Amino acid sequence: MSSFCAKTAGLLPNHFKANAGKSVDFSRSPHRKATRNAADDAANSIRRYQETTAEKTARNTAKAAATSIRRSLESMAEKTARHAADAAGTSAARALESSAQKRTWRQRDAISTSVARAVEVPTERLERLQTGSQRRHAQRGLCSSPKLFWFKLAFNYEPVLRLSGRKDLQIESMSVVFGHCNAKKSIGESAGLCRSDGKVQLPPFQELPAPWKALLEGSSPVSSQKSDSTTVPSR
């Protein structure tokens, strides 16, 4: 019998020779693997359903920390590949969505965004607005017209938004001083804002007499008495 096995061994393919005498692991079959994965998913779902809020928070925190560490160690090629895979997966999932599913996640995103912006502090709002402005400006490109950005911007004024950092905005110093009223304006400011750009010649102010000047400045005893005796009429 042993001589027969030795003779037939030379006729067997190499992969049969390598696996000769080894038992076949049926647990690696696709059906067994799918069954095991389904059982693991069910057990994991039950375990997470029974979690307390503290346990869920701790698990999410640990998962976020591990993800942050893993992504900080990624190379640029790995990060690019991950972003491409995530974008492709999201695009494929969105392509299979029905209209009702799209409305559902859009409403959910809108509610989440509204809640997040309602609890924003001024510094967070400023950072978000500046980041959005920079992103939109970068998307338009350096050669595009800034008219879309400035269009009706005064009607949507944001007091915390600093526009001085924009390249298409130049803030000049007010170095032009009018001789009559000492009003200041910028060099490139529109003409005709004060005295019709100098066309109207006004006489110089005359110095008031000392009694009148003291009365108007409030340094006279008479002006202080007059101020104390003055009553504001009721409406």
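The values are calculated or read from the model by the stated rules, or taken from the named source; none is laboratory data. Since we're looking at a predicted model, the values are computed, not measured. Virtual Cβ from ideal backbone geometry, glycine too; neighbours counted across all protein chains shown.
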Scan segment 32-45 and give yes if some residue there is part of a helix (DSSP H, G or I), modelled with pLDDT under 90 and hydroxyl-bearing (Ser, Thr, Tyr), otherwise no. yes
Quick check on this structure: which one of 173, 220, 224 is modelled with pLDDT of 70 or more and surrounded by 10 or more Cβ atoms within 10 Å (Cβ to Cβ)? 220
Within segment 47-61, how many residues are part of a helix (DSSP H, G or I) and either in contact (Cβ under 8 Å) with a residue 60 or more places away in the chain or surrounded by 10 or more Cβ atoms within 10 Å (Cβ to Cβ) (or both)? 9
Could we say that residue 202 is in contact with a His (Cβ under 7 Å, 6 or more places away or on another chain) and either at pLDDT below 70 or of a type in the set (A, V, I, L, M, F, W, C) (or both) here? yes
